[in-house]
Amino acid sequence: MIVWIASYPRSGNTLTRIVLYRCFGVEALSLDLRRGPPGKLVRFVGRPDIPGGMAPGEFVPFARESPETWFVKTHAIPCDDDPSGPLESDPAITIVRDGRASLSSYWHFQNSVGGWPFSLEQIVIGAPPLENWSEHVRRWRKHKGRMLMLRYEDLRLVRPQEIAMIGHFIGKESSVPFDVTFAELNREVPDLFRVGKDGPGIAEVERRCPALFWSLHSEVMRELGYGEKDRREFSPTLVQAAFKEAGLALHRQAHALSQAMAGA
C-alpha cells in the first residue's frame, strides 16, 4: 500500500516526514531523491531508498500493490490518468498552509536553492511550469481516498493532539515524544527551515502583490478559513489592481533581462 504525504511546496511536507520518523519510526521517501535525502536531513527523516534500483515510475505501482505500507512525499496532484503518481483512491496525509506563506516561502526556496529565478508574482499566478496554489489545494481537498488533512500552523506546534491524529490515521502508537526544535532544524538545514512561521511570508505578499493574490485565491482561502482580516473579495477594481501588479512585475523582469544581456 502507498500513503502519500502530499502538499503544495513549502507547506509542511518535510516537517510531517520528520514527525513520522521521530515519533513513529516511519520513513517517508521522496521520488525526487532515489538515494535518500541529502546531508544533514537524513537524521531527521531517515534514509529510505527506492528498493532494487527501481525508477520512480516502476516503484509507485509496485508500492501500491505491496502488502507493506510505503509512505511517499509528493507535490503532485491526484490524477487517475497517471499510475506513477497519486491516484484518487490512494490514502494520503495532506498538509495545507496559508497560501501567502506557502507562496512566499516557495519563492525564496526557488531563488536560493531551486535555481529558478521566478518572480513572486509568477509563483502567485502559478504560471507554467509552476502549479497554481488554489488548484493544487482544491484538487487534494476533493480527493476520494482515505485522507487526513493537517494544517501547518497546528503541525508546527507538534502538540500531542496532532501526533495522536497522525497515529490514528497510520495505525501506529507514538513511540517517543517529538524532540526536535525549529532552532535545531534551522541550524542543520537552513535552506529548508528558513523562518518557521507564517507572518513574514504573509506580510511579503500583502506588501508586493495583494490584489494579484486575492483576485486568484480568495475563494480557497475563504474555504480554508485563512486571511479573514486581509481578505479582498473579487471585483473589477481588484482585477484592475492585479493587472497593474502583474505589469510592474513584468517590467522589472524585462529590465533585469536587459541588464543581464547588456553585461553579457
> Relative to the longest principal Cα axis of the chain, at what angle does helix 13-24 sit, 0 to 90 degrees, rounded to 10?
Replying inline: 20 degrees
> Quick one: length gained pulling Lys144 to Gln259 fully straight, 0.36 nm per residue minus the C-alpha distance?
Replying inline: 36.5 nm
>> Can you compute 3J(HN,Hα) from phi for each residue in the stretch 203-216, using the Karplus curve 6.51 cos²θ - 1.76 cosθ + 1.60 with θ = phi - 60°, rounded to whole Hz and x for Gly and Pro?
In response: 4, 5, 5, 5, 7, 9, 8, x, 5, 4, 4, 6, 5, 9
>> If I compute solvent accessible area with a 1.4 Å probe over the protein chains, what percent of it on the chain is carbon and sulfur?
In response: 56 percent
> Val239: accessible area at probe 1.4 Å, nearest 10 Å²?
Replying inline: 40 Å²
> So for the stretch 74-115, what are the equivalent ellipsoid semi-axes in whole Å, largest first, each being the square root of 5 times an eigenvalue of the Cα gyration tensor?
Replying inline: 26, 14, 7
>> Give me the percent relative contact order of the chain, please, defined on Cα pairs under 8 angstrom at least 6 residues apart.
In response: 21 percent
> Using modelled backbone amide H atoms (1.01 Å from N, in-plane), which distant-in-sequence or interchain residues come within less than 5 Å of Leu150's amide H?
Replying inline: Thr94, Ile95, Val96
> In the Gaussian network model of the chain, springs joining C-alpha atoms below 10 Å, which of Pro236, Pro86, Pro200 carries the largest mean-square fluctuation?
Replying inline: Pro236
>> Exposed loop sites here are GluC sites (Glu not before Pro) in DSSP loop states with at most 13 other C-beta atoms within 10 Å. What is the longest stretch of the chain lacking them?
In response: 89-172
> In bins 5 Å wide, starting from 0, what share of all Cα pairs of the stretch 191-239 does each bin hold, as a percent?
Replying inline: 4, 20, 26, 24, 14, 7, 3, 1
> Lys197: net charge of surrounding residues, Cβ under 9 Å, Lys/Arg +1, Asp/Glu -1, itself excluded?
Replying inline: -1
> To the nearest whole percent, what portion of all C-alpha pairs in the chain is separated by more than 25 angstrom?
Replying inline: 48 percent
> Of the lysine pairs in the chain, how many meet both conditions: Cα atoms under 20 Å apart, and a spacing of 8 or more in sequence or different chains?
Replying inline: 5
>> Can you compute the equivalent ellipsoid semi-axes for the stretch 1-64, i.e. the square root of 5 times each eigenvalue of the Cα gyration tensor, sorted largest first and rounded to whole Å?
In response: 19, 14, 12
>> If I model a spin label at Glu184 and Arg43 as a point 7 Å from the Cα along the Cα→Cβ vector, what separation in nanometres do I get?
In response: 0.9 nm
> When ligands, DNA and RNA are left out and all protein chains stay put, how many square angstrom of accessible area per residue does the stretch 67-215 have with a 1.4 Å probe?
Replying inline: 47 Å²
>> Can you give me the orientation-averaged projected area of the convex hull built on the Cα atoms of the stretch 121-264, in nm²?
In response: 12.6 nm²
>> In 10 Å bins starting at zero, report the fraction of Cα pairs in the stretch 183-264 per bin as a rounded %.
In response: 16, 30, 27, 23, 4
> Which translational diffusion coefficient, to the nearest whole µm²/s, is obtained for the stretch 1-133 from the Stokes-Einstein equation, given a Kirkwood hydrodynamic radius over C-alpha pairs, 20 °C and 1.002 mPa s?
Replying inline: 137 µm²/s
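The values are calculated or read from the model by the stated rules, or taken from the named source; none is laboratory data. As the structure is a prediction and not an experimental result, all values here were calculated from the model. Reconstructed Cβ throughout: ideal geometry from the backbone, glycine too, with neighbour counts over all protein chains shown. Surface accessibility is based on the protein's heavy atoms, side chains included, excluding ligands, DNA and RNA. Shrake-Rupley method; radii C 1.70, N 1.55, O 1.52, S 1.80 Å.
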